[in-house]
Amino acid sequence: MIVMKFGGTSLKNAEMFRQSARIVLDEPREKIVVVSAMAGVTDQLVALIEKAKNGEDYSSAMAQLEKLHIDLIGDLFVKNDGELWEARASVESIFAGMKGKLGDIENSQPAYSSLRPFPFLSDSVLARGEELSSIIFSAVLRDLKNDFEKSIFISSAQIKTDENFGEAEIDLVATKHQLADLSGRLSQGVIPVVPGFIGTTVHGDVTTLGRNGSDYTAAALASIFGAAELQIWKDVDGVMQTDPKIVPKAKVLAEISYEEAMEMTYFGAKILHPKSVLPAIENKIPIRIKNTYRPKAIGTLISSEAKSADGLVKIITTISGLALINVVGRGMLGVSGIAARVFGATAKAGVNVMMISQASSEHSICFVVRQTDAEKAVQAMNQEFEMELQRHLLEKVDASGCLAIIAIVGDGMKGFPGTAAKFTSALAKAKVNIIAMAQGSSERNISILISSDETAKAVKSVYQTFFSKRKEKK
Ligand code: ADP
Ligand code: ASP
Ligand code: MG
C-alpha cells in the first residue's frame, strides 16, 4: 500500500479537489489519503483565534470562511444533491461548533485558562480546517467514483497523540492499535481519507501537530502500515534547488538522500516538515514529492539510495523569524560547563536552539532561536545565570530579532574544502552582512545568520555562485 498526502496548495478550489481526487482514483495500489486544510484556511483560523482572544469581532471573518466552504461544495456537487446536502450539513455543524469554541476563547477567565491552557482551546478551532477538507475530499471521491460504499472518512479520534497541544507527537503504537482493522478494509478497495495535522489525546481532547503537520500524519501512517511509498502532492514539480518563488529558474532535484532531506527541513525548506521525515526514514520508506498540477512529472524521490557528487551543493534553504540570544561577560572565560548550562536551561524552557556559536575568546556565547521563543530564552538565561549576573561575572543577556538563516545542504559537501569560502563570498558580493555562521557536525550543511530582509538577495547570489556559474563553464 501507499500513503498519498495532498497539501493545501493541491486543494485551492473545486477544480483542484477534483484533480487531486482523480490522481487518487488513478492510483492502482491500495492507499490511504491524507489531506491538509484548503490553502490559507489554517492561517485564517489562526487570525480568528487571535481576534477572539483580543475580544475583537470575529463574526464576519468566520462567515467568510464558512462561505468559502459552502461555495466550494456548491461548485463540486452541481449534479449530486445527496453529497451536496450531506456536505453542507457537515460544514454548517462544524462552523456552529467552532463558534462555541471561539466563544470559550473570548470568554476564558484567567482561572479557566490556567485549568485549560490556551493551546488546548485553540487546537479545537485549528483542527476544523482539516476536518472540513477531509469530509469534502471523501465526498468528491465518492462522487467521481459513483460509489457510495468505498470511500470512508476516518475521524481524527483515531490518530492518537500526547497532550502537547499545538505541537503534539503522534503515538504510533496507540494509533496502530486504533487502526488495526484498516488493512483488511484497504484490501477490499476502501480508500480512507484522513485529516492531516490533527489528533486526539487518550482523554479524547483534540490536538494539532504544529504548522505544516499534515506531512507528519502521512509519514506516521506510512510507517504504521509499512507503506511502499509516501507520496506528498504539492504545487511544485518536486524539491528544487531553492524556493522557486525566489529563483524561478531553480531546477527540480530528481533525488535526494534522507540525510539531505533532514538537513534541508531543519533549516526551513518549506517544502517538507522536519518531523515528517523521521517516521519514514526510520522505516526506510521512499518519499516522493509530486506536482498535483502535473501528475505525469516524475517528481523528487527521497530515499537511502540517492547519490551525490563530491563537493556538490544541492539545495539552498532559508528560515526566517529568528532571534539571536547573546550571553556576554568575562564570567564565560574558561569556565567549563557554561554551554551545557545554556542548553540545559533552554531545553527545560522548551526552547529549540537552531544554531550556536561561541567566539574563540570565549567571552560570549550566542545562539539562535525562533523569534517567538526569544522572550522565553532570555528569561531562561536570566534565571540560570542569576548569581553570575548579580556578581557582574556576566554583563548581560540580550536578544536581537528579525533574523534569518540561509543554509546550503548536500551530502557531497562532506570532507570537501572550499565550499564555505564560496558561500561567504557569494554573500559578500551581494553585500549581505554575516552575523554568525555554523557548520553542522554532519558536514552536510553550512548555515549563516543574516538579517531577514536580505534573504531574497542572499538566496539569489548564492544560487548564482553554486548553480548558474557551473552551467556557464560547461
Ligand atoms: P503544501 O501546503 O501544499 O504542502 P507548501 O506551501 O507547504 O505546500 O509547500 C510548497 C511550496 O514550497 C512551493 O510553492 C514553494 O514555493 C515552496 N518551496 C520552498 N522551498 C522549496 C524548494 N526547495 N523546492 C520546492 N518548493 C519550495
Ligand atoms: N493546515 C495546517 C497548516 O497550514 C497543516 C498542514 O497544512 O500541513 O499548518
Ligand atoms: Mg502546507
What nm distance separates the two modelled labels at Glu443 and Arg185, each placed 7 Å from Cα along Cα→Cβ? 5.0 nm
DSSP loop (so not H, G, I, E, B), at most 14 other Cβ within 10 Å: list which GluC sites (Glu not before Pro) in region 344-394 pass both filters. Glu362
At a Cα cut-off below 18 Å, give the lysines reachable from Lys396, other chains included and same-chain residues fewer than 8 away excluded. Lys376
Kyte-Doolittle cut-off -0.5, length cut-off 20 Å along the helix's own axis using Cα: show which whole DSSP H helices in the chain pass. 59-76, 81-107, 128-145
Computed lengthening from Ala157 to Val173, 0.36 nm per intervening residue step minus Cα-Cα distance: 4.3 nm
Using every Cα-Cα pair within region 118-261, state what percent have a distance larger than 21 Å. 52 percent
Using the structure shown, select from Lys234/Lys275; Lys245/Lys270; Lys31/Lys176; Lys5/Lys307; Lys99/Lys150 the pairs with a Cα to Cα distance greater than 21 angstrom. Lys5/Lys307; Lys99/Lys150
Direction-averaged shadow area of the convex hull around the Cα atoms of the chain, nm²? 24.8 nm²
For every other residue with a beta carbon closer than 13 angstrom to the beta carbon of Glu130, add +1 if it is Lys or Arg and -1 if Asp or Glu, then tell me the sum. 0
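Could you give the dipole magnitude of the chain about its Cα centre, charging the beta-carbon of Lys and Arg +1 and that of Asp and Glu -1, in debye to the nearest 20? Working shown, then result.
Values: 54 positive and 55 negative charges, 385 e Å.
Computed charge dipole of the chain: roughly 1860 debye.
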Contour minus end-to-end for Lys284 and Ala347, with contour as 0.36 nm per residue of separation and end-to-end as the Cα-Cα distance? 19.8 nm
Tail fraction, Cα-Cα pairs, region 130-183, threshold 15 Å, whole percent: 59 percent
Over 19 Å (Cα to Cα) - which of Lys429/Lys457; Lys12/Lys101; Lys51/Lys101 fall in this group: Lys12/Lys101
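Every read-out reported here was derived from the displayed coordinates using simple, explicitly stated rules and does not represent laboratory data. This one's a predicted model, so the numbers in the text were calculated from it and none came from an experiment. Cβ sites come from the backbone with ideal geometry, for glycine too, and all protein chains shown count toward neighbours.
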